[in-house]
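These notes are about the structure you will find just below.
The values are calculated or read from the model by the stated rules, or taken from the named source; none is laboratory data. On a predicted model such as this, the values are computed, not experimentally measured, just so you know. Positions of Cβ are backbone-derived with ideal geometry, glycine not excepted, and every protein chain shown enters the neighbour counts. We work out accessible area using only protein heavy atoms, side chains counted, and drop any ligands, DNA or RNA first. Shrake-Rupley method; radii C 1.70, N 1.55, O 1.52, S 1.80 Å.
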Amino acid sequence: MPEITCPDCLDPEQVIPISRESTAVFKTGSWSSVRPQFSEKISPCRAACPLGNNISAALRAAANGDFDAALAAFLEETPLPGICGRVCYHPCQDDCNRKETDGELQIRALERAASDYGNAAPQLLTDAGRNSPVAVVGSGPAGLSCAYHLARMGHPVTVYESAEIPGGLLVRGIPSFRLPEKIVTKELSRIWDLGVTLKTGTTIDPAGLKKLLQVHRAVFLAPGADAHQPLKVPGELLAGVVPGIDFLRSTSLQQKAKGINVAVVGGGNSAMDAARTALRAGAIRVTVLYRRTLNEMPAFADEVKEAEAEGIRFKTLVAPMAFLGKERVKAVRLMPMKMSAIEEDGRLRPIPSEKEPIELACDMAVIAAGQQPAGLFMDGLFRWRSGRVEVDAWHRTSRPGLYAGGDASPARASVVDAMATGKRAALSIHLASVNRRVHEIESAVTLGKGPAFSLTAFFHAQERWRPDQVARPDGITLAMAPQHPPQPLPHIDACRAVQTGEEVARGYSTEAAIQEAQRCLVCGTCVGCNRCLVFCPEGAVIPPDDAGGLYLYRDEYCKGCGLCASVCLRGVMEPGGVE
Amino acid sequence: MNALLRPTEIMSPGQMSCPGCGLALGMRQVMRAMGRRCVVVVVPSCVAVTTGPFPNYTLGVPAFHSAFEIAAPTAAGIRNALIQQGQADIPVLAFAGDGGTFDIGLQSLSGCADRNEDIIYVCMDNEAYMNTGIQVSSATPEFTWTGTSPSGNTRRKKKIMEIMAAHRMPYAATASPAFPEDLERKIKKAKSIRGTRFIHVLAPCTTGWKIREDMAVKVAMLSVETNIFPLYEIEDGLKYTINYRSRRLPVERYLEVQGRYRHLKPEQTVLIQNEVDRSWEELSARAERSVVSDA
Amino acid sequence: MRKFITGNTAVAEAVRLCRPDIIAAYPITPQTPIYEKLSDWEDSGKIKGKMMRTESEHSAMAACLAASLTGVRTFTATSSQGLALMHEMLHFASGLRTGVVMAAVNRTLAAPWAFWSDQTDTLSQRDTGWMQVYCEDNQETADMIIQAFKIAETVLLPMMVILEANFISHFMEPVDIPSQKDVDAFLPAVALPRRFDLENPGYVSPTVTQKQFEAYRRRTSDAMTHALAVIADVDEAFGKAFGRSYGIVEITGAEDAELVLVTTATITSTARVAVKELREEGVKVGLCKLRLFRPFPVQAVKEALKNIPKIAVLERNISQGREGIFCSELKSALINCTRPPQVQGYLAGIGGTNVDPPLIKKVVHHALALKTFSDGPVWMGGDA
């Protein structure tokens, strides 16, 4: 056989083209200057929460069955998860990203589960406040929250409470079928365990306040607004016409409702509480009278629904003109109302209609149409406005060293909003005590557009975390998440509820809580799901070496298409900024 | 939260596909499931473009770029040769586009399926001839705009799965790059079966479908959730298994995000919906009958 | 062992002896007996290789070349329409430097439809980069199958062994079929490069640049040139092993010839009879058999014919718009001779018409009498 005399034409490697090099030499990243941004942000639930609770972290822990860690996550921003987990109006749920797909996460019930099943102690943040003692006047939600956060920042705190037991409206307003007293006691013990001093049965008057201001670095004034606001109509002084606050506080008053017709005037939570309490006391008929429509009642929607389920009647678009009776009320005369086009506080104003007044027979009328702060401090110690203590955005009153919050200040009348004022005042007080200005740190701690903020963010900064940004994956991205409807909320039926007066909401079992928590997408936080990696057509996403690390892109190969961002269920990977 | 497993990449980066290419993503997912121990056949299509020019290529395994219409017999020739050489443990996979499968390659694919050649055939379907621009193919759905059907396609998409099922080969399945775990499972299952295995992947094309660069996965997801492209398997041409019960979103959700459907009239959308519903009923019925005959 | 068999059977026997690994084919008259015989042997295990009964010739060639790239010995057989259908793949097979061997049975190419011998089908694949040899009889066909595997696997270019429909494919002649032992000694196990190697992965046949393409074409061209030497050596070795060799070009009676008749394939064997008779009649005519067509043996042809004053080329094909293809190729081979012979082309047997000794003698007399040689062919016709 002939020798190969021309190697090229017979050399197998030379005679046909065979690519053996990888395409990795082509830096296709140069095709585009657009790059994804890996940026953790906050979840919409957290942005909506007045306390800025780290809900996604808590739910993520609960999803793994770790209720201890879930509780610890809540305790970063709130001292009373077991309470909010029962009575909060859950603005977090209303903004949940899953709302439009398979239904919002039942966050309130999960906060309760974290508190019911978890064990954790609050984390101390610093001892920088150790030389700045603070006094807190009032042990309602606002005062408790303020005391808690101040104690975590090292401040010695003393809480002054005029009643014999602490808790304010938590024990002397919200009925036990919504918030059992033993739960309040258990939750509050968390605060006393931090070394906060409590002085019950102690009323602070203006002189006492001045003294407190002298010996403390600051005073937080949160006496609440539990003075009755009368209707100022004829017959209001008849026997049987009682202020709602008194009714809710006094079991002897409540017992008088047994076997009779009760009318409740008002549309807020107090009115709902009063009506349901009257029912449990044995009233044969309870009617709620409200001057606007059902939709406009300020009471939390859940409360209204439960009240309706229990058989409470509602008469809307009626306003009491007078209470009728000789010494004792026997009926209320009502003016039928209609909605005018004129606004009052941002709502349409009800005005008397042309119809004839009507009368409703009743043996007791509970007035729960508004509360105001007691007049104790209205003597010029500090400025008031529209019946509430005047405060700035960081709860400073017109008097140096004096801060105010809760129902006494212009805040929404709810437990969580009151707690938010206490927390905000605590940071305000602390910063003043260490000679820092609030506006220096505001952007680092404000969640979303505010006013909620994260105390943890102030003390433990996170790389690549933008608290002002809320994670909102679009509808199609969310449609890629597996769909499961919410776990049904267990509760006793309305009949039994009225009969026994026991707590109505039962709380999830641990299994149900885990199932529900697993629905949480953990918006805004990277959970290492690897979707960005799996869906990158270029293989240009670099996973972190360890858990909790960042996902990065390979600049040489990323074409900036944004597929990684389009599949990110948490909204952490964002499309295109130009590098 | 379910985490997807970190894949082992077989394809190298630096490939020549358009940014956000659904087909390149599908290829990458297929290769992850195949692993390094295989031979791949590629024919003219966007698969070939993605693979890269001499002397660089992305596939990472021994591969061959053959002519347009003969992916299947090429793969079969290699597979039979490997068996003759005593290398029967090396699978051979052919990638082809919809043109090379539904149109010009249909005969040779049918011949292979008929002979039950031992290959895995993956059709990366972007519903037109995209390598050469945007020209209509028999995989283009009705009413769709392409460069050669500018008023909307007057023909219907060929039912390739029904055609393949008629050959009674061991395995045929649809798969989507938006459902990577399902796709991986199907490739791995195909690897374990002998005979002709056919996988039909619907691969959204950013350029030809006129969608934004970041939309390919979402559009693929919508194709499944609207039942336009259901995920199912056919074994031995007779046993149908539906792998995913979609949410049955209205077809508008899928059509409205694509520029190639911008011209659609409302009555055409209705026709599309009716056809999707009818096909789904038929598929469901087949799946039900399969369960019955299994019992 | 000597057998009285058709050309098709001879092909099949030779293929069997070469131990093919992959055979891919599609039936077409007059190739079918090859296909059926091989199928039969594959089925019974006499052939250990795998038979792919593809659904078209195009797929058959696709499968063959892919298998050849994998590194195994491959074979196919076809004719006429089937060969035309394979055209795209023929370019692929040579462009990718495979060792595929094909038996191509010359049959008329439609249209119009017909089923008899005509060389246009293989000749119109002239430019596909395949080596081509035109066989005179059943024995040469069988022998060239064996030689073709050796040549193709050495040169890394595919090879067509061409036999005419009817005259070779279906006519019975005595054929010497060698023993398996002797063929194994002559043609060892296949050693083609294995292009799909997991240890050294690569992507075969990517897109190349203009300059790269030109370089590959240049290499193939060099390989074709080199093939001439390989073919000659293989033929010589075959002669030593089996007692038969054919040479690149065969020429007889050229010493004093006034005219040499150039023929190919089966016309050659008829021409031998005609030339013998003419010589006996005193006509000074020689006979030149062209067998190797690609690579075209320019030097051997020049050597044989450079001093012959007149040449007549008789062939069974036409390239429309010019003339018979062997004639054109011959003329181009001789153009640089100091005194190129005059060449006249003759066409006969197109469509499978009978070319008998009287017709051939007529051609010779016609050529001898020519005063002016025409540039176009002379149509001689033939009986059906």
Given the options C:GLN132, C:GLN119, C:GLN212, which has the most mean-square fluctuation in a GNM of chain C, springs set between C-alpha atoms less than 10 angstrom apart?
C:GLN212
Simple spin-label estimate for C:PHE171 and A:ASP468 in nanometres, 7 Å along Cα-Cβ
9.7
Write down the percent of antiparallel bridges among all DSSP beta bridges whose residues are both part of chain A, to the nearest 5.
45
Among C:LYS50/C:LYS181; C:LYS150/C:LYS181; A:LYS256/A:LYS338, the pairs whose Cα-Cα distance exceeds 25 Å are A:LYS256/A:LYS338
Put C:LEU198, B:LEU271 in order of accessible area, largest first, 1.4 Å probe: what do you get?
B:LEU271, C:LEU198
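How much length, in nm to one decimal, is gained on full extension between A:ARG385 and A:ASP545, taken as 0.36 nm per residue of separation minus their Cα-Cα distance?
Working: separation 160, 0.36 × 160 = 57.60 nm, distance 5.69 nm.
Working it through step by step, the gained length comes to 51.9 nm.
Given a 1.4 Å probe and no ligands, DNA or RNA in the count, how much accessible surface is buried by C and A, both sides, to the nearest 100 Å²? Walk me through the intermediate numbers first.
Numbers: alone 16600 and 26630 Å², together 41390 Å².
Chain pair C/A: roughly 1800 Å² of buried accessible area.
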Karplus ³J(HN,Hα) for segment B:97-108 (6.51 cos²θ - 1.76 cosθ + 1.60, θ = phi - 60°; Hz, whole; x = Gly/Pro) runs x, 6, x, x, 10, 7, 9, 5, x, 5, 4, 5
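Considering all alpha-carbon pairs of the protein assembly as shown, what whole percent are spaced by more than 50 angstrom? All intermediate terms of the calculation are to be shown ahead of the outcome.
Values: 406826 of 790653 pairs.
It works out to 51 percent of all Cα pairs.
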Vicinal HN-Hα couplings computed from phi for segment A:19-30 (Karplus, 6.51 cos²θ - 1.76 cosθ + 1.60; Hz; Gly/Pro x):
7, 10, 8, 7, 6, 4, 6, 7, 7, 5, x, 6
Other-chain or far-sequence residues with amide H under 5 Å of B:PHE198's (modelled H)
B:TYR121, B:TYR171, B:ALA172, B:ALA173
Would you mind calculating the relative contact order of segment C:1-135 from Cα pairs under 8 angstrom and at least 6 residues apart, reporting the percent as a whole number?
23
Which angle from 0 to 90°, rounded to the nearest 10, does the C-alpha axis of helix A:141-152 make with the longest principal axis of chain A?
50
On Cα atoms only, tilt of A:107-117 relative to the major axis of chain A in degrees
90
What's log10 of I(q)/I(0) for segment A:232-362 at q = 0.09, 0.16 Å⁻¹, Debye sum over Cα points only, no solvent?
-0.25, -0.81
Which value, to two decimals, describes the C-alpha radius of gyration of segment A:1-71 once divided by 2.2 N^0.38 Å?
2.74
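Report, in cubic angstrom per residue, the convex hull volume of the C-alpha atoms of chain A.
Convex hull volume per residue, Cα atoms: 207 Å³.
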Taking Cα pairs under 8 Å and at least six residues apart, what relative contact order does segment C:249-379 come out at, in percent?
28
Computed FRET value (nearest 0.05) for C:LYS181 with A:ASP11, which takes r as the C-beta separation and R₀ as 30 Å:
0.35
Across all Cα atoms of segment C:98-155, Rg and the largest Cα-Cα distance (Dmax), in Å, are 12.8, 39
Which residue fluctuates the most in chain B, going by a Gaussian network model with Cα springs under 10 Å, if the choices are B:HIS65, B:HIS263, B:HIS200?
B:HIS263
Express as a percent, rounded to the nearest 5, the fraction of DSSP beta bridges in chain C (both residues included) that run antiparallel.
25
Below 20 Å, Cα to Cα, which lysines can C:LYS276 reach? Residues fewer than 8 away in the same chain don't count.
C:LYS284, C:LYS289, C:LYS310, C:LYS361, C:LYS362
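Can you tell me the dipole magnitude for segment B:211-295 around its Cα centre, using point charges on the Cβ only (Lys, Arg +1; Asp, Glu -1), in Debye to the nearest 20? Don't jump to the answer; show the numbers that get you there.
On the way: 13 positive and 15 negative charges, 62 e Å.
Magnitude of the dipole: close to 300 debye.
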Volume per residue of the C-alpha convex hull in chain C, rounded to whole Å³:
147
Using θ = phi - 60° and Karplus 6.51 cos²θ - 1.76 cosθ + 1.60, couplings along segment B:163-171 (whole Hz; Gly, Pro as x):
4, 5, 4, 4, 7, 6, 7, x, 8
Compute the relative contact order of segment B:22-294 as a whole-number percentage, counting only Cα pairs closer than 8 Å that sit 6 or more residues apart in sequence.
16
Spelling it out for C:ALA25: with amide H atoms placed in the peptide plane at 1.01 Å from N, the residues 5 or more places away or on another chain with amide H under 5 Å from its amide H are C:MET52, C:THR54
List the GluC sites (Glu not before Pro) within segment A:434-542 that fall in a DSSP loop (any state other than H, G, I, E or B) and whose Cβ has at most 11 other Cβ atoms within 10 Å.
A:GLU463
Computed accessible area, A:LYS210, all protein chains, 1.4 angstrom probe, square angstrom:
100
Can you tell me the alpha carbon radius of gyration of segment B:22-294 divided by the globular rule-of-thumb value 2.2 N^0.38 Å?
0.96
When the accessible area of chain C is split by element with a 1.4 Å probe, what percent falls to carbon and sulfur?
53
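Counting only GluC sites (Glu not before Pro) that sit in a DSSP loop (anything but H, G, I, E, B) with at most 11 other Cβ atoms within 10 Å, what is the longest stretch of chain C containing none of them? Working shown, then result.
Values: sites that count: C:GLU199, C:GLU255, C:GLU281.
Between the exposed loop sites, the longest stretch runs C:1-198.
Which of the trypsin sites (Lys or Arg not before Pro) found in segment B:1-89 are in a DSSP loop and have at most 14 neighbouring Cβ atoms, other than their own, within 10 Å? Mind showing how you got there, number by number?
Details: sites: B:ARG28, B:ARG32, B:ARG36, B:ARG37, B:ARG79; in loops: B:ARG36, B:ARG37.
Passing both the DSSP loop test and the Cβ count: B:ARG36, B:ARG37.
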Rolling a 1.4 angstrom probe over the protein chains, ignoring ligands and nucleic acids, what is the accessible area of B:ILE10 in square angstrom, nearest 10?
10
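Could you sort A:TRP31, C:TRP41, C:TRP113, A:TRP384 by their accessible area in this structure, using a 1.4 Å probe and putting the largest first?
C:TRP113, A:TRP31, A:TRP384, C:TRP41
Any of C:LYS3/C:LYS240; A:LYS559/B:LYS218; A:LYS41/B:LYS210 with alpha carbons more than 23 Å apart? Name them for me.
Details: C:LYS3/C:LYS240 21 Å; A:LYS559/B:LYS218 18 Å; A:LYS41/B:LYS210 31 Å.
Pairs exceeding the cut-off: A:LYS41/B:LYS210.
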Please list, in chain and number order, the residues 5+ apart from B:TYR57 or on another chain whose amide H is under 5 Å from its amide H, with Hs placed from the backbone.
A:GLU21, A:SER22, A:THR23
With all protein chains modelled, accessible area of B:ARG248 [1.4 Å, Å²]
110
At 1.4 Å probe size, with every protein chain present, just tell me what the per residue accessible area of segment C:249-379 comes to in Å².
41
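Return one whole number: the accessible area per residue of chain B in Å², for a 1.4 Å probe.
On the way: 10190 Å² over 295 residues.
Spelled out: the 1.4 Å probe surface of chain B, per residue, equals 35 Å².
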Putting +1 on Lys and Arg Cβ atoms and -1 on Asp and Glu Cβ atoms, find which of A:MET272, A:ALA283, A:ILE312 reaches farthest to the positive end of the dipole of segment A:232-372.
A:ALA283
Sticking with the crude label model, points 7 Å out along Cα→Cβ, report the distance from A:ASP205 to A:SER33 in nm, one decimal please.
7.3
Most fluctuating of C:LEU163, C:LEU228, C:LEU370 in the GNM of chain C (C-alpha, under 10 Å) is C:LEU370
Once you list every other residue whose beta carbon is under 13 Å from the beta carbon of C:ALA367, what net charge do they have if Lys and Arg are +1 and Asp and Glu are -1?
+4
Carbon/sulfur fraction of accessible area - segment B:22-294, other protein chains in place, 1.4 Å, %:
54
Descending principal axes extents, segment C:1-143, alpha-carbon based, whole Å
39, 36, 25
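Going from the alpha-carbon gyration tensor of segment A:214-286, what semi-axes, largest first and in whole Å, does one get by taking the root of 5 times each eigenvalue?
Numbers: eigenvalues 186, 45, 25 Å².
Those come to 31, 15, 11 Å.
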Whole-angstrom gap from segment C:159-219 to segment A:436-462, using each part's C-alpha centre
78
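Ranked from the most accessible area to the least, with a 1.4 Å probe and all protein chains present, what is the order of B:ASP125, A:ASP474?
On the way: B:ASP125 0, A:ASP474 70 Å².
Descending order: A:ASP474, B:ASP125.
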Please give the Cα centre distance for segment B:70-97 versus segment C:47-97, rounded to the nearest Å.
14
Give the span of segment C:241-384's Cα atoms along each principal axis, as three whole-Å numbers ordered largest to smallest.
39, 35, 31
